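Participant: Okay, here's the structure, questions in a sec.
Every number in this text was worked out from the coordinates using simple rules, so none of it is lab data. Computed from a prediction, not measured in an experiment: that's the story for all the values here. Note that each Cβ is placed from the backbone with ideal geometry, even for glycine, and that neighbours are counted across all protein chains shown.
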Amino acid sequence: MAEPGNLRIVPLVDQRARSIPVSSLAPAPHVSATGGANLVDRHGRPLRDLRISVTDRCNFRCSYCMPKDVFDKDYQYLPQTALLNFEEITRLTRQFVAQGVQKIRLTGGEPLLRKNLEILVAQLAALRTPEGQPLDLTLTTNGSLLAKKARALKEAGLQRVTVSLDGLDDAVFRRMNDVDFPVTDVLRGIEAAQAVGLGPIKVNMVVKRGTNEHEILPMARHFKGTGIVLRFIEYMDVGATNGWRMDEVMPSADVVRLLQTEWPLLALEHANRGETAQRWGYATPAGRHDTAAGEVGVISSVTQAFCGDCNRARLSTEGQLYLCLFASQGYDLRSLLRDGSLDDQLGTAIRQVWHQRSDQYSALRSALPSDNLPGVRRVEMSYIGG
Ligand code: SAM
Ligand code: SF4
Ligand code: SF4
């Protein structure tokens, strides 16, 4: 939603047009197309997590992601022919898995807008790691179509979902999605996902100071004890259209302090390396983790950089490989696919790109004054996937 008085930054250059041909890179040493689990980037980080954007379109207009005044009826979305088709996505994913990827997250835009998505899910669910293990296959959605699609997705092999929900108050939620979408329909989607076993479900709430911080406690009350893990995300300076301002960020430390006014919380261990959320368990009076009450998470992308363990790559809707959420350029894998490259050439290209990766935007940002941030010509999150 456009907020009067805020300075809106409109992108002058369409970053989607900028991509780097993989052929311009120096070869990685010891390049081999298989056995890639030992592949690391320049900071020693392995490649484990691939986020795949399956559409750049969305039926919501969250102001922090696809503000209405930029993503209006004249906005040029990608044409269908530019999008990777399901066979192309699956073929590329197989090569990513050979290079160490264990976790796949389908995202967008709104991934459930992609027609017949369950066919892609079934293809990805059939892939196996070099050790013969199935992938951790998940999807992030705004929940608007989840009630309708949960069963088909589960039957196709999706393991779990993350649902974005920024508040329970209907007026607040309608204002934040900016298309007047009711909160009850998202809650119904979450229930449907839970009923078919798409869990453990996570719910992501972006906290924007001055907009929805008063929804933090009601959201925590609602999801406590349900088995659903609620995570509070700091509002990030992704893309170039949301008019981000530091004073609208509510630091995770403040969120945790607020939660502690109502419940004692206990810091929990990270579930695994590369995990972005800090976990907090509801505590018993004896100071133990009350597992029935569950846990919440905070994702401090702005105030506490987690680049050191970042093992995520992003595949854009049109097959560009991005190494950081804040990157301004991607590596063109689609042209390799469509130029007739063999599978081992795709694997080699992925190794080359990852091997020379040095991205650590958030860590660098923490060290810079806010008026001198790197990478201002950034792509939109709806294009590379959150
Ligand atoms: N449409 C789906 C959804 O909303 O869940 C998937 C794509 S969306 C880009 C993925 C995630 O990015 C969502 O959880 C959303 O809240 C988050 N996100 C988008 N813009 C953000 C921003 N500026 N700061 C923090 N999180 C953001
Ligand atoms: Fe759409 Fe998700 Fe972005 Fe909201 S956060 S506009 S639902 S892509
Ligand atoms: Fe990873 Fe880039 Fe985020 Fe750092 S800023 S955690 S490198 S995506």
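Participant: Checking the a/c ratio against 1.5 first, then a/b against b/c, what shape does the Cα gyration tensor give for segment 56-206? Before the final figure, lay out each step's value.
Facilitator: Working: a/c = 2.24, a/b = 1.40, b/c = 1.60.
Judged from the Cα gyration tensor, segment 56-206 comes out oblate (a/c at least 1.5, b/c at or above a/b).
Participant: Specify whether the C-alpha gyration tensor of the chain places it in the rounded, prolate or oblate class, a ≥ b ≥ c being the square roots of the eigenvalues: rounded for a/c under 1.5, otherwise prolate if a/b is larger than b/c and oblate if not.
Facilitator: Details: a/c = 1.43, a/b = 1.31, b/c = 1.09.
Verdict is rounded for the chain.
Participant: So which of LYS148/LYS208; LYS149/LYS224; LYS154/LYS202; LYS115/LYS202; LYS103/LYS154 end up more than 27 Å apart, counting from Cα to Cα? If you can, show how the numbers build up before the last one.
Facilitator: Numbers: LYS148/LYS208 29 Å; LYS149/LYS224 25 Å; LYS154/LYS202 16 Å; LYS115/LYS202 24 Å; LYS103/LYS154 17 Å.
Going by Cα-Cα distance, LYS148/LYS208 fall outside the 27 Å limit.
Participant: In addition: Please give the net charge around VAL296, taking every other residue with its beta carbon less than 9 angstrom from that of VAL296, where Lys and Arg add +1 and Asp and Glu add -1. Spell out each step's value before the answer.
Facilitator: Numbers: positive: LYS224, ARG231, ARG279; negative: GLU295.
Charge balance near VAL296 sits at +2.
Participant: Using Cα atoms only, what is the angle between the long axis of helix 146-156 and the major principal axis of the chain, expressed in degrees (0 to 90) to the nearest 10?
Facilitator: 40
Participant: To the nearest Å, what is the center-to-center distance of segment 92-165 and segment 315-344, using C-alpha atoms only?
Facilitator: Answer, in whole Å: 19.
Participant: Against the longest principal axis of the chain, how steep is helix 86-98, in degrees 0 to 90 to the nearest 10, with axes from Cα atoms?
Facilitator: Roughly 90 degrees between the two axes.
Participant: Let me ask something else about it. What does the net charge come to around ARG160 if you take all other residues with beta carbon closer than 13 Å to its beta carbon, with K and R at +1 and D and E at -1? Show your work: numbers first, answer last.
Facilitator: Details: positive: LYS103, ARG105, LYS154, LYS202; negative: ASP136.
Combined, the nearby Lys, Arg, Asp and Glu give +3.
Participant: Given Cβ point charges of +1 (Lys, Arg) and -1 (Asp, Glu) and nothing else, what value in debye, to the nearest 20, does the dipole of the chain about its Cα centre take?
Facilitator: Charge dipole of the chain: 560 debye, to the nearest 20.
Participant: Also, quick follow-up: Rounding to the nearest 10 and keeping the result within 0 to 90°, find how far the Cα-based axis of helix 343-355 lies from the longest principal axis of the chain.
Facilitator: 60
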